[in-house]
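Trainee: Pasting a structure below so you can have a look.
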Amino acid sequence: LHIACLALEVGPGDKVWTSANTFVASANCAVYCGAKVDFIDIDRHSNNISVDALRKKLIEAKKINSLPKVVIPVHFSGNPCEMNSIKKLSDEYGFKIIEDASHAIGASYRLNKIGNCEYSDITVFSFHPVKIITTGEGGMAITNESKLSERMIRHRSHGITSDYQHMQTRPEGEIWNYQQIDIGHNYRMTDIQAALGLSQLKSLDQFIERRHAIARRYDEAFSNLPLILPHVNFDSYSSYHIYIVRIREVLCRKTQKQVYDALLNAGIGINLHYIPVYRHPFYEKQGFKKGYCPEAELYYKETITLPIHPSLNFKEQNYIINVIGNILK
């Protein structure tokens, strides 16, 4: 994410917008470049960036000459954003797009795999240990533009190039088989990590199919419970990186915390995705306040992430389903 921003020449004075409902990395990457970060509220059904909220924010930003240089949509939980609509806004308002597909390897939008960059300048994937495939740590950036690719490769490796097209001429008789032409970083993945990732990539379709099978069983089991279940748009195919249920407190008479604590006490590993980024102390110091993105905050107060991974067997899943059923009786 950082070198994607650098490749798009994000720097001091620039503005980068991203979803309020994401991991902090989606915002931090812009801060590293000295840019100012802002947040877009989410759609109540998809939990992704709300296109309507983005459009309204762009209209207001244009009035005060404060448009973003880059927008970073996040394919939350593996469910693709409405990229066609976001791309149309990009064409109208002149911002670049980095797709944060950290959750979405193996997902599809309009029958094409996420990562094809039809609607974006760069797509970024994460291979953190909890992701669908892992390299232990690290990630991958994809682009269809050779210039952006060259920039990211240099930023990944100390700003060094061995491409003679980009190297400066030096006195005859001196050997220059590489040159540092920019300031860069040591962001290279090790060969061992890459080999692990390539071996897992062969099983990606199998991993996704297994996640869909688990999600279908959850959907069926929870259909009559006072929960809001994950929504996937008709033109998308989710990777189901995570499976989230939303607690309808008015109907089940249980708070999110009561359900959360009961699941933990039953030995079930659950999580919360996500605290709105601007509610973290670092971003509150930048001036953001509670209530800035109401939908993201309401979502945060009502949701719990349940286990979904290929090694989760049906016996274990049945236990989770039964525990939730008993909690919400």
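Trainee: Calculate the dipole size of segment 50-90 relative to its Cα centre from +1 charges on Lys and Arg beta carbons and -1 charges on Asp and Glu beta carbons; express the result in debye to the nearest 20. Please list the in-between numbers first.
Mentor: Details: 8 positive and 3 negative charges, 45 e Å.
Charge dipole of segment 50-90: 220 debye, to the nearest 20.
Trainee: Right, next: Would you give the gap between the C-alpha center of segment 254-329 and the C-alpha center of segment 1-55, rounded to a whole Å?
Mentor: Between the Cα centre of segment 254-329 and that of segment 1-55, the gap is 23 Å.
Trainee: Also, I was wondering about something else. Take the solvent-accessible surface of the protein heavy atoms, probe 1.4 Å, and return the percent of it on the chain that carbon and sulfur atoms account for. Each step should come with its number before you reach the end.
Mentor: Values: 8700 of 16930 Å².
Carbon-and-sulfur percentage of accessible area, whole number: 51.
Trainee: Set the Förster distance to 41 Å, then compute FRET efficiency between Lys36 and Lys202 from the Cβ-Cβ distance, nearest 0.05. Mind showing how you got there, number by number?
Mentor: Details: r = 42 Å, r/R0 = 1.02.
After rounding to 0.05, the efficiency reads 0.45.
Trainee: What whole-number value in Å² describes the accessible area per residue of the chain for a 1.4 Å probe?
Mentor: On the way: 16930 Å² over 329 residues.
Dividing the accessible area of the chain by its residue count gives 51 Å².
Trainee: Provide the per-residue ³J(HN,Hα) series for segment 278-286, in order, calculated from phi with Karplus coefficients 6.51, -1.76, 1.60 and θ = phi - 60°, each as a whole number of Hz, with x at glycine and proline positions.
Mentor: 6, 7, 6, x, 4, 7, 4, 5, 7
Trainee: Let me ask something else about it. Largest first, how would Leu225, Leu264 line up by accessible area (1.4 Å probe)? Walk me through the numbers before you get to the answer.
Mentor: Details: Leu225 45, Leu264 80 Å².
From most exposed to least exposed: Leu264, Leu225.
Trainee: Take every Cα-Cα distance within segment 106-181, group them into 5 Å bins from 0 onward, and report for each bin the whole-number percent of pairs it holds.
Mentor: 3, 13, 17, 16, 15, 13, 8, 7, 4, 2, 1, 0
Trainee: I've got another one for you. Put a dot 7 Å past each Cα toward the Cβ at Ser85 and Gln179; how far apart are the dots in nm?
Mentor: Each label point lies 7 Å from its Cα, and together they span 4.8 nm.
Trainee: With a 1.4 Å probe and all protein chains kept in place, how much accessible area does Ser85 have, in Å² rounded to the nearest 10?
Mentor: Result for Ser85: roughly 40 Å² accessible.
Trainee: Follow-up. About the Cα centre of the chain, what is the dipole size in debye to 20, counting +1 per Lys and Arg Cβ and -1 per Asp and Glu Cβ, all else neutral?
Mentor: Numbers: 38 positive and 34 negative charges, 200 e Å.
Rounded to the nearest 20 debye, it is 960 debye.
Trainee: Sorting check: for 103-110, 86-93, 168-175, which peptide has the highest mean count of neighbouring beta carbons within 10 Å, and how do the rest follow? Mind showing how you got there, number by number?
Mentor: Values: 103-110: 23.4, 86-93: 15.2, 168-175: 6.4.
Ranking the peptides 103-110, 86-93, 168-175 by packing returns 103-110, 86-93, 168-175.
Trainee: Further question on the same structure: Given the chain, what percent of its DSSP beta bridges are antiparallel, to the nearest 5? Could the numbers behind the result be given before it?
Mentor: On the way: 19 of 33 bridges.
So the antiparallel bridges in the chain amount to around 60 percent.
Trainee: With a ≥ b ≥ c taken as the square roots of the eigenvalues of the C-alpha gyration tensor of segment 167-251, please select rounded if a/c is under 1.5 and otherwise prolate if a/b is larger than b/c or oblate if it is not?
Mentor: Numbers: a/c = 4.56, a/b = 2.96, b/c = 1.54.
Cα axes put segment 167-251 in the prolate bin.
Trainee: Shape call for segment 183-329 from the C-alpha gyration tensor, a ≥ b ≥ c root eigenvalues: rounded (a/c under 1.5), prolate (a/b greater than b/c) or oblate? Present the calculation step by step, with values, prior to reporting the outcome.
Mentor: On the way: a/c = 1.99, a/b = 1.13, b/c = 1.76.
Because a/c hits 1.5 or more and a/b fails to exceed b/c, segment 183-329 counts as oblate.
Trainee: Here's something else I'd like to know. Could you calculate, for segment 247-329, the ratio of the Cα radius of gyration to the Kirkwood radius, expressed as Rg to Rh? Walk me through the numbers on the way to the answer.
Mentor: On the way: Rg = 15.5 Å, Rh = 14.5 Å.
Using only Cα positions, Rg/Rh for segment 247-329 is 1.07.
Trainee: Follow-up. Taking segment 255-314, which trypsin sites (Lys or Arg not before Pro) meet the DSSP loop condition and have no more than 12 other C-beta atoms within 10 Å?
Mentor: Working: sites: Lys257, Arg279, Lys285, Lys289, Lys290, Lys301; in loops: Lys285, Lys289, Lys290.
Answer by residue number: Lys285, Lys289, Lys290.
Trainee: If you take the Cα Rg of segment 107-240 and divide it by 2.2 N^0.38 Å, with N the number of residues, what do you get? Don't skip to the end; give the middle numbers.
Mentor: Working: Rg = 20.9 Å, N = 134, 2.2 N^0.38 = 14.1 Å.
Normalised Cα radius of gyration, segment 107-240: 1.48.
Trainee: Which entries of Lys88/Lys301; Lys87/Lys289; Lys36/Lys56 show an alpha-carbon separation above 26 angstrom in the structure shown?
Mentor: Lys88/Lys301; Lys87/Lys289
Trainee: Tell me, what is the Rg over Rh of segment 86-149, with Rh the Kirkwood radius over Cα pairs? Walk me through the numbers on the way to the answer.
Mentor: Values: Rg = 12.7 Å, Rh = 12.6 Å.
Radius of gyration over Kirkwood radius for segment 86-149 works out to 1.01.
Trainee: Right, here's the next one. Report, in degrees rounded to the nearest 10, the 0 to 90 angle that the Cα long axis of helix 83-93 makes with the longest principal axis of the chain.
Mentor: The angle comes out at about 50 degrees.
Trainee: Rounded to whole Å and sorted largest first, list the principal axis extents of the Cα atoms in segment 9-164.
Mentor: Principal-axis extents of the Cα atoms in segment 9-164, largest first: 45, 33, 26 Å.
Trainee: Helix 256-265 versus the longest principal axis of the chain: what angle, 0 to 90°, nearest 10, using Cα atoms?
Mentor: So the inclination is approximately 90 degrees.
Trainee: Then there's this: Using the alpha-carbon centroid of each, what span in Å lies between segment 82-109 and segment 193-214?
Mentor: 24 Å
Trainee: Where does helix 204-222 land angle-wise versus the long Cα axis of the chain, in degrees 0 to 90, nearest 10?
Mentor: Here the helix axis deviates by roughly 30 degrees.
Trainee: Among all the aspartates and glutamates, which ones have a C-alpha under 15 Å from Lys285's C-alpha, if same-chain residues fewer than 8 places away are not counted?
Mentor: Excluding near neighbours in sequence, the set is Asp38.
The values are calculated or read from the model by the stated rules, or taken from the named source; none is laboratory data. Keep in mind that this is a model prediction, so the values were computed, not measured. Every residue, glycine as well, gets a Cβ built from its backbone with ideal geometry; the counts of neighbours run over all protein chains shown. Remember, those area values only see protein heavy atoms, side chains included, never the ligands or the DNA or RNA. Shrake-Rupley method; radii C 1.70, N 1.55, O 1.52, S 1.80 Å.
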